[in-house]
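Reviewing the structure listed below.
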Amino acid sequence: QGAMPDCMRTLEASGLRDAVLKAATTRPLLGICVGEQMLFTRSEEGDTPALGIFAGTVRRFAGPQYAGPHAAGPGGLKVPHVGWNAVIQVRQHALWAGIPDRTHFYFVHSYFVVPDDSSLTVGVSQYGQRFTCAIAADNIFAVQFHPEKSAEHGLRLYRNFIEWQP
């Protein structure tokens, strides 16, 4: 599970922030988990400014449906969300090639992106609420789930990225 304040601080301290921003405009870019979250304007986690490539907020799972030491209520869903969930492909994209709609991918997260522009969303999932779990625009594709932990379909997504020519 990522830690947005630490990620942004380390990116700044390393001098790589500008390189990531440049790559986001000139090369295919795949963001994974906190890597997707960093593409947006701001995160509720530590009220952290992110890269701002896309307008939107990173929000924490909160509400009475969630349980756990940092959750808002006595519900039955734990935060962080850890486990397999179906991903609904809400629009076609080259990186979905060979991956059936509603394929299960592995998630580990407490936060999720809320894009200001809903057309960025290419995949959604459900965990106490429907949330964006995959976004795409131009040369950027990013997911909240972990392809590297998602068996054959996760590997397929990586192969699709390698072959992708946006």
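Summary table
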| quantity | calculated |
| --- | --- |
| Heavy-atom accessible surface of region 1-130: percent carbon and sulfur, 1.4 Å | 54 percent |
| Overall form of region 86-134 per C-alpha gyration tensor (a/c, 1.5; a/b vs b/c) | oblate |
| Per residue accessible area in Å² of region 18-129, where ligands, DNA and RNA are left out and the probe is 1.4 Å | 47 Å² |
| Area of H104 that stays accessible when all protein chains are in place (1.4 Å probe, Å², to 10) | 100 Å² |
| For Y106, solvent-accessible area (1.4 Å; no DNA, RNA or ligand), Å² | 50 Å² |
| R59 accessible area, assembled protein chains, probe 1.4 Å, Å² | 100 Å² |
| Amide H within-cut-off set for I32, under 5 Å, with H built and near neighbours excluded | V143 |
| Amide hydrogen neighbours beyond the local backbone of W84, cut-off 5 Å, H modeled | F107 |
| Cut-off under 5 Å, modelled amide H: who pairs with R42 long-range | A50, G56, V58 |
| Cβ-placed point charges (K, R +1; D, E -1), dipole of region 60-166 about Cα centre in debye, nearest 20 | 320 debye |
| Whether region 14-166 is rounded, prolate or oblate, judged on the alpha carbon gyration tensor where a/c under 1.5 counts as rounded | oblate |
| Charge-dipole axis of the chain as Lys and Arg at +1 and Asp and Glu at -1 on Cβ define it, positive-most pick from A23, G56, H93 | H93 |
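The values are calculated or read from the model by the stated rules, or taken from the named source; none is laboratory data. What you see is a predicted model, and the numbers here were worked out from it, not measured in a lab. Heads up, the Cβs are rebuilt from the backbone with ideal geometry, glycines too, and the neighbour counts pull from every protein chain shown. Note: accessible area is taken over every heavy atom of the protein model, side chains too, but ligands, DNA and RNA are not part of it. Shrake-Rupley method; radii C 1.70, N 1.55, O 1.52, S 1.80 Å.
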